[in-house]
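Notes to accompany the following structure.
Any read-out appearing in this document is the output of simple, stated calculations on the displayed coordinates, not a laboratory observation. Since the model is a prediction, treat every value here as computed from it, not as a measurement. When we count neighbours, we look across all protein chains shown, and the Cβ atoms used for this are built from the backbone with ideal geometry, even at glycine.
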Ligand code: NAD
């Protein structure tokens, strides 16, 4: 049996699947990853520095550049691709415990997942939050203000600094969100890690944690990851092809019918 067929069988037989997704699942939707061969940071290592909380809060120039950049960010025009849609089939079959995503693009929800099933460990770029009073509102409202001429729109309520509701470097993660992700890892019987170098923590810890709890581990990525030693199946290739293949519904005659 091929690795893909084996993984498909395990997915088919699992009852409580957790999927951990990274930036790689969204590259076929036109959103570049950070550390892949064409990643934003691979091509421009200094870009990593502008993603730190301290720089954002201290330097108005960094904020102005960030708001300008957001106006053209591919995330707001992106649509879910075949990889995102394949995961929806797990939900339809009642097998999905949770999607834990490192992504901030909201594409799992756009694909049709109930937002309560998507644990966004690094926050979301679709909302904005005031660093001062915590007021949270849709990113679209802030972008409208930027289009209207505000270069660094302050909070309407308290005048504080507004940022995307994502977790920047130097910013604390939200404990309840990480606990929910680790709870899912402790209670799944199969984890699929898709499109991540599995080098960002604590998200990457979900893999050894699920393994320690007795779950099977399927890793799907274009290149090796830091957690490959925990994999029961390691599938190297395109997520838009491999996820539909392993989430395919088995037909009576044993052939698989990919989800489109
Ligand atoms: P990463 O950039 O470290 O790794 C992405 C991996 O996906 C790479 O190994 C790459 O080779 C692989 N990949 C890319 N396209 C693929 C494809 N079509 N098929 C198969 N594999 C593919 O991503 P990460 O581990 O998620 O860490 C990056 C951090 O940056 C995340 O924590 C996230 O918060 C943030 N980020 C998010 C987005 C997004 O929301 N879409 C995009 C870029 C970065």
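Set against the 2.2 N^0.38 Å expectation for a compact globular protein, the range 191-235 has a Cα radius of gyration ratio of 0.98. Note on residue 116 and residue 241: their simple-model spin labels are 3.9 nm apart, each label 7 Å out from Cα toward Cβ. From the Kirkwood radius over Cα pairs of the range 1-128, Stokes-Einstein at 20 °C and 1.002 mPa s returns a whole-number translational diffusion coefficient of 130 µm²/s. The angle separating the long axis of helix 82-92 from the principal Cα axis of greatest extent in the chain is about 70 degrees. Share of antiparallel DSSP beta bridges in the chain, in percent to the nearest 5? So the antiparallel bridges in the chain amount to around 30 percent. Across the range 110-213, Cα-Cα pairs farther apart than 21 Å form 47% of the total.
Along its first, second and third principal axes, ordered by size, the chain spans 62, 34, 33 Å in Cα coordinates. Using the average count of surrounding beta-carbon atoms within 10 Å as a protection proxy, the listed peptides 144-154, 15-25 rank, highest first, as 15-25, 144-154.
Working from label points 7 Å from Cα in the Cα-to-Cβ sense, the residue 16 to residue 65 distance is 4.6 nm. Against the main long axis of the alpha-carbon atoms of the chain, helix 175-187 sits at an angle near 0°. A convex hull fitted to the Cα coordinates of the range 93-169 yields 102 cubic angstrom per residue.
Of 174, 191, 100, the residue with the greatest mean-square motion in the GNM of the chain, using alpha carbon springs below 10 Å, is 174. Dimensions of the range 166-251 from C-alpha coordinates, computed as largest minus smallest value along each principal axis and given longest first, are 44, 25, 24 Å.
Entry note: the range 60-135 has Rg to Rh equal to 1.06, where both radii use alpha-carbon atoms and Rh is the Kirkwood radius.
Between 0 and 90 degrees, the angle of helix 60-71 with respect to the longest Cα principal axis of the chain falls at about 50 degrees. With the simple spin-label model, which puts each label point 7 Å out from Cα in the Cβ direction, the residue 151 to residue 226 separation comes to 3.8 nm.
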